[in-house]
1. Could you compute how much accessible surface THR166 exposes when probed at 1.4 Å, giving the result in Å² to the nearest 10?
2. For helix 169-178, report the angle its Cα long axis makes with the longest principal axis of the Cα atoms of the chain; keep it between 0 and 90° and round to the nearest 10°.
3. If one takes the longest principal axis of the Cα atoms in the chain, at what angle in degrees, from 0 to 90 and to the nearest 10, does the Cα axis of helix 35-49 lie?
4. Please work out the Cα center distance from the range 69-84 to the range 230-258, rounded to the nearest Å.
5. Using a cut-off of 12 Å between beta-carbons, work out the net charge of the residues near THR215 (Lys and Arg +1, Asp and Glu -1, THR215 not included).
6. Quick check: the angle from helix 76-85's long axis to the longest principal axis of the chain, C-alpha only, nearest 10 degrees?
7. Using only the Cα atoms of the range 34-164, build the gyration tensor, take square roots of its eigenvalues as a ≥ b ≥ c, and label the shape rounded, prolate or oblate: rounded if a/c is under 1.5, else prolate if a/b is larger than b/c, else oblate.
8. Convert each backbone phi in the range 104-117 into a coupling constant with the Karplus relation 6.51 cos²θ - 1.76 cosθ + 1.60 (shift: θ = phi - 60°), then list the ³J(HN,Hα) values in order as whole Hz, x for Gly and Pro.
Amino acid sequence: MTGGRAINCTRLCNTAVSPTVKPLVFANFLAPNMTSVYAGVAARVGQALEVPAQLIEGSSFEQLRDGSVGVAFLCGLPYVRLCAERPGMLRPLAAPVLDEARYQDRPVYFSDVIVRRDSPFRSFDDLRGHSWAYNEAGSFSGCLLVRHHLLQMGETESFFGRVIFTGRHQESIRKVVEGAVDAAAIDSHVLGVERLRNPELASQIRVIASFGPSTVPLVVATADVPAPVQARIGAALCELGSDRESRNLLASGLIRRFTPIDDRAYDDIRQKLAAVDQRRAPSSSAGTR
């Protein structure tokens, strides 16, 4: 995650608002390649609610705990962890439906295992003893889902010959392209947007496995946002795509629309997290991570 650089959406909203009205602060805790899209989404929501809107790059989940952020674009894994830590702190508002046939018009995504196009690898099993890049430990698609897959195989991360953490999905992609590591698991939404914006990427990498589908990252509100305002934000998100301008905005991020989502939709992530945590508990056999 990057620092809290703010993108002021008031100009985009083109809404006359009293300077005494408290701005609605959105934060992006997801890949920075979606920042411009989420800034536009924040602007449209601010316009619908007739309040000033501001998007920042989330730097710490403390921003959710202390209420300095009102609305967040958030991965499902930190969402379920934060809900367990402080029940009632976050409310799910909506989730994107991604614009590709394999998502089947549902709020789901995949974790795509990529290798260099000229590599000899054809399946995940071929990666035994080879180098692997995680984006960050708090990522569901880039880390925990891989650990869960290894668990199902009866393996630990010693399956790989070398493991590094890159800090973000885009850096993992770069290291695979450059040959610095053999493979990585990438959020399929992030990968799709990278391919859209960098068409040459298709000739540089291959997907040799996909884990999922899993419930997609979501938009949440913090408890400091009044319930009626939460409901209006959720409705405004789900109305995006009803006009050409917002359709084009969403399409630039491979989003078809936003749809309402509830907490139970993330039970798939809870189940995988519980299985991995049980394996990693101190009582587990030696050598697991």
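The values are calculated or read from the model by the stated rules, or taken from the named source; none is laboratory data. The structure displayed is predicted, hence computed values, not measured ones. Positions of Cβ are generated from backbone atoms using ideal geometry, with glycine treated the same way; all protein chains shown enter the neighbour counts. With ligands, DNA and RNA removed, areas are computed over all heavy atoms of the protein, side chains included. Shrake-Rupley method; radii C 1.70, N 1.55, O 1.52, S 1.80 Å.
1. Spelled out: THR166, probe radius 1.4 Å, area about 30 Å².
2. With both axes taken from Cα atoms, the answer is about 40 degrees.
3. Roughly 30 degrees between the two axes.
4. Spelled out, the Cα-based centre of one part sits 20 Å from the other.
5. 0
6. Rounded to the nearest ten degrees, it is 70.
7. Taking the square roots of the gyration eigenvalues as a ≥ b ≥ c, the range 34-164 is prolate.
8. Ordered by residue, 3J(HN,Hα) equals 6, 6, 10, x, 10, 8, 10, 10, 9, 8, 10, 9, 5, 4 Hz.
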